[in-house]
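These notes concern the structure reproduced below.
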Amino acid sequence: MTAALTAPLAVALQTAACVGFGLAALRLTGLLAGLSLGERLAWGFALGMGVLGWLGFWTGIAGGFAAGPFAAVLAVGVLANGAAWGVPLPAREQGAVTPWQWLLLAALAAALAGDLAEGLAPPTDTDSLAYHFDLPKRFLMAGEVFFVPRAVDGAVPLLTHMTYGAALALGGERGLTLWAMVSGWAAPALVYAACARHAGRTWGLAAALLFLTTPAVVYGAGSGQVEARNAAYALAAALAVALARRDGATGAAVAAGLAAGFFAASKYTGLLFVLAAGLVLVAQRRWFSHGLAFGLGALAAGGQWYLWNFAHTGDPVFPMLYGVLPYATPDLWDPGHAATFRAMMLREEVVLPSSPLWMVAYPFVATLFSGAYPILESGRTGLGPFVLLALPFAALALWRFRRRLVGHPLFTVGAVAAVFYAVWFLMGSPQRVRHLVPVYPLLLVCVTAAAARWAAAAGATRVLGAAVAVTLGLQLAGQGLFTLGPLRRLIHGEGRDTYLARMVPNYDLVPWINAHLGPGDRIALTGRSQNYLIDAPIFYLHYADEARVDTRFEADDPARFLRQLRAQGITHLWVSGLASGETTGGQVGFAMWRTLAQWGCLEEVHAAESRGVASRTLPTLRDKPRTIDRVMRLRGPDCLPAGKSSTD
């Protein structure tokens, strides 16, 4: 895929376009006049990313998912920066930069340098390779957005992925990874703007740096994972809700709805955020007008992906309403996959009881006892210790300033976060800590501002500063460890294939596939880490998420398996086994390929020995066993033995 522009230029234009789209939205909703220059840029970038993603959907379903249409959209966004013309900036006193601020700026520069090292490297994050970056690539290959009837990572809200498509179309892979880096900075910028307004520049810098180096943010912000970008939408929405409640401005309610809708159009959990923000917004005397404005804004910004799912399946949140709503195409889902999917989600995603007691205990358990519940992933992708360290200061501030608490804008922001968290936990949602990244900046801004206020009044600023220093020391060290892989690539000048072979499991077969399979082929595979890296058409098999080809553990009908493969136009299979000696195993699920090979329906065309990678951070210390990966070609229908029909 050839880039239309150089990667830095493409990303610069896309960034400027997003700011322009956001400034236009702020001008239309009446929020622009009250914001300083820094606040305008932060708010504008956050809202503008959503506008670009929204436009990308309509462009894509119209058959314009390509470099030319994206360039035209970005040109409009760049021109939209003129929306700020003639709107005077409010008078704000800016003191000299203090030594502590210089120190925080130096630490911020170090963190951004680590992000840059990752942004200059090819993508290696598993979820990004599986679908965050793969789907935009497939859409670009087709020239349009098409429906992918796969649960969890196919038929899901993809607004943010539209921005990835623009970056990939115009800047190539380097443009894509640099855009992931830059878009990951939107939430920290807005954290700074919000915290600086209520606690001053020093604490704004501290809060931004704390968020930027949060383990879950370091893990996901430079990749295609959407949580860090959703954090910008969530914070913008909560701040707009606070403005609507304080000033009574209907435009602020519209802005809140747009931002919340962008969140919902990027991930299903955004629906819970729309509910939380909406409930907080309507808890006031202007509940009807503000609620209507918010609801219309959220529906306009986020409803398209749910209509898209409904139009193709009959279920706006496919496949969660299977059995409740009639499905348009029966072969997309069935009772067996519905049961397997529910069991997988309960087994792999929910490990703590969804009760009020555990809701209170969850943050402490996830932070202090991460080893007891590995599925929470709070050790490597947690939220860090700062909020717990600053919580006593914040609690004392709540008590000391309790009479002015309810009227403060950050009380509203905190209320949105609290309602979202309560609904999220009590509904039995997946409990991985990183799913809370979108609302973490809301909590971080509130806790930091409250703690700083009390510390200043009580003469305990140095103590709170020590908590910041300890947290930043730990988190910057963690980020440094995380960026060792990309830094090693820059230092040693590793080529793309060498780097990917070191960082991506079972990569060694990919170059052969790209050299020998073309547009007329389609390879099915179960290893999701290779999806984006393969240029030929693919079909990702999953036992619980994909029903068109049944690979559940209970599946044991090789002839049916073969019919399903052919029905999807699959010409090749990627199969793997241990290099130390393959085990035969039972003929269930994807292992049915062995029976097809015995029947002569599959023939090996290439094999390669590959290395598994258990950790991208420390791959040399945690290598998995080597495997033999094979490309198997499907043969004609006459391969079936006597008594096995290709149609029954």
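Is the range 202-266 rounded, prolate or oblate when judged by the Cα gyration tensor, a ≥ b ≥ c being the square roots of its eigenvalues, rounded requiring a/c under 1.5 and prolate requiring a/b larger than b/c?
oblate
For L602, what residues show an amide H to amide H distance below 5 Å, using hydrogens built from the backbone and excluding near sequence neighbours?
A597, R635
Would you kindly state how much longer the chain becomes between L120 and V87 on full extension, computed as 0.36 nm times their sequence separation minus their alpha carbon distance, in nm to one decimal?
Difference between extended and current length: 8.1 nm.
Going by Cα centres, the range 401-427 and the range 438-494 are how many Å apart?
The range 401-427 and the range 438-494 have Cα centres separated by 23 Å.
Run the dipole for the chain about the Cα centre, Lys and Arg Cβ at +1, Asp and Glu Cβ at -1, nothing else charged, and hand back the magnitude in debye, nearest 20.
The dipole magnitude comes to about 2080 debye.
Rounded to the nearest 0.05, what FRET efficiency do F147 and E554 have when you use their Cβ-Cβ distance and R0 = 35 Å?
Using R0 = 35 Å, I get an efficiency of 0.85.
What are the ³J(HN,Hα) couplings of the range 115-121, residue after residue, when phi is run through the Karplus curve with 6.51, -1.76, 1.60 and θ = phi - 60°? Round to Hz, x for glycine and proline.
4, 5, 4, 5, x, 8, 9
Can you give me the relative contact order of the chain as a percent, contacts being Cα pairs under 8 Å and 6 or more apart?
Worked out over the chain, it gives 14 percent.
Label-point separation (nm) for E349 and R626, each offset 7 Å from Cα along Cα-to-Cβ?
Here the modelled spin labels are 3.8 nm apart.
Counting only helical runs of four or more DSSP H residues, what would the 222 nm mean residue ellipticity of the chain come to if each run contributes -39,500 (n - 2.57) and the total is spread over all its residues?
Using -39500 (n - 2.57) per qualifying helix, the result is -18500 deg cm²/dmol.
Multiply the residue separation of R635 and T98 by 0.36 nm, subtract the distance between their alpha-carbon atoms, and state the gained length in nm to one decimal.
186.1 nm
Just check the range 218-306 against the gyration tensor rule for me: Cα atoms, a ≥ b ≥ c as the square roots of the eigenvalues, rounded for a/c under 1.5, and otherwise prolate or oblate depending on whether a/b exceeds b/c.
prolate
Can you tell me the convex hull volume per residue for the chain, based on C-alpha atoms, in Å³ to the nearest whole number?
Cα convex hull per residue, to the nearest whole number: 160 Å³.
Is the shape of the range 489-580 best called rounded, prolate or oblate, per the rule: a/c under 1.5 gives rounded, else a/b larger than b/c gives prolate, else oblate, with a ≥ b ≥ c the square roots of the Cα gyration tensor eigenvalues?
Prolate shape, in that a/c is at least 1.5 and a/b is the bigger ratio.
In sequence order, what are the phi-derived ³J(HN,Hα) couplings for the range 285-300 according to the Karplus relation 6.51 cos²θ - 1.76 cosθ + 1.60 with θ = phi - 60°, rounded to whole Hz, with x for glycine and proline?
Using θ = phi - 60°, the values come out as 6, 8, 4, 6, 5, 5, x, 5, 4, 5, x, 5, x, 5, 5, 5 Hz.
For the range 323-400, state which chymotrypsin sites (Phe, Trp or Tyr not before Pro) are in a DSSP loop and have at most 16 other beta carbons lying within 10 Å of their beta carbon.
Hits after loop and neighbour filter: F369.
Once amide H atoms are built 1.01 Å from N in the peptide plane, which residues 5 or more positions from F539, or in another chain, come under 5 Å H to H?
For F539, the qualifying residues are I523, A524, L525.
How far apart, in nanometres, would the label points at L296 and W358 be if each is projected 7 angstrom from Cα along the Cα-to-Cβ direction?
Distance between the two pseudo-spin positions: 4.2 nm.
As I understand it, the dipole of the chain uses +1 on the Cβ of Lys and Arg and -1 on the Cβ of Asp and Glu, about the Cα centre. Which of A155, S429, A343 lies farthest toward its positive end?
Towards the positive end, the residue furthest out is S429.
Please compute the length gained on full extension between A460 and A339, using 0.36 nm multiplied by the number of residues separating them and subtracting their Cα-Cα distance.
38.0 nm
Readers should treat all values here as calculations from the given coordinates under stated rules, not as data from a laboratory. Bear in mind the structure is a predicted one, so any value in this text is a computation, not a measurement. Note that we place each Cβ from the backbone using ideal geometry, even for glycine, and neighbour counts take in every protein chain shown.
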